[in-house]
Amino acid sequence: MAAASPTVFLLMVNGQVESAQFPEYDDLYCKYCFVYGQDWAPTAGLEEGISQITSKSQDVRQALVWNFPIDVTFKSTNPYGWPQIVLSVYGPDVFGNDVVRGYGAVHVPFSPGRHKRTIPMFVPESTSKLQKFTSWFTGRRPEYTDPKVVAQGEGREVTRVRSQGFVTLLFNVVTKDMRKLGYDTGPADTQSVSGPSPPQSIPQ
């Protein structure tokens, strides 16, 4: 009896929010969440998380190292709305208030395997010098009420932002049943690797 053909494919993602470079700041922590289309649904793992606070390394790199794990599995019927990970980095200002130090987003890599991504971060800017001084004095810096807006295009063109820092991510991506549904993600798709390849005959 023939096995039923799959109706969904799986995307399994693990890895870590590895480190960050914010030369002007220290004692930072990171939040992440995933944004995905309406045909996608998480089936295992965590969609969001918050890291520990880390301080700069004492070497010349002055890296902020989190090594904070990511582990989530999604199912979907089509690749539209492929998941993105949204990062928000926070730290104390001179008054001890937690303020945002950077936002960034990147798509989960499309092809299976191990991937490293460095994401440029940015922060919203006040539109006037008076607002900038007021926000500094009160400890209420401009920030998004919902960080997921970073992964969307609507309204971004009217937002004034400033580049600030980088965050490095490591991804290990595995897909299942994409090829059976007609999607080609390259030779590393898991269903094409069923075991050791047979020995090749050498022509005489």
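The values are calculated or read from the model by the stated rules, or taken from the named source; none is laboratory data. Just so we're clear, the structure is a prediction, and the values are computed from it rather than from any experiment. So basically every Cβ, Gly included, is an ideal-geometry build from the backbone, and we count neighbours across all protein chains shown. Side chains included, ligands, DNA and RNA excluded: accessible areas come from the protein's heavy atoms. Shrake-Rupley method; radii C 1.70, N 1.55, O 1.52, S 1.80 Å.
Some observations on this one:
- Scanning the stretch 1-56 for residues that are over 19 Å from the mean Cα position of the chain (by Cα) and over 23 Å from Val174 (Cα atoms) gives Met1, Ala2, Pro23, Glu24, Tyr25, Asp26, Asp27, Ser55, Lys56.
- Under the condition of being part of a strand (DSSP E or B), of a type outside the set (Ser, Thr, Tyr) and open to solvent by less than 70 Å² (accessible area, probe 1.4 Å), the residues counted in the stretch 36-81 number 13.
- Tally, over the stretch 1-35, of residues that are in a strand (DSSP E or B), surrounded by 18 or more Cβ atoms within 10 Å (Cβ to Cβ) and hydrophobic (A, V, I, L, M, F, W, C): 11
- Residues of the stretch 94-128 that turn out to be loosely packed, with under 14 Cβ neighbours inside 10 Å, touching a residue at least 24 places away in the same chain (Cβ under 8 Å) and part of a loop (DSSP other than H, G, I, E, B), as a count: 4
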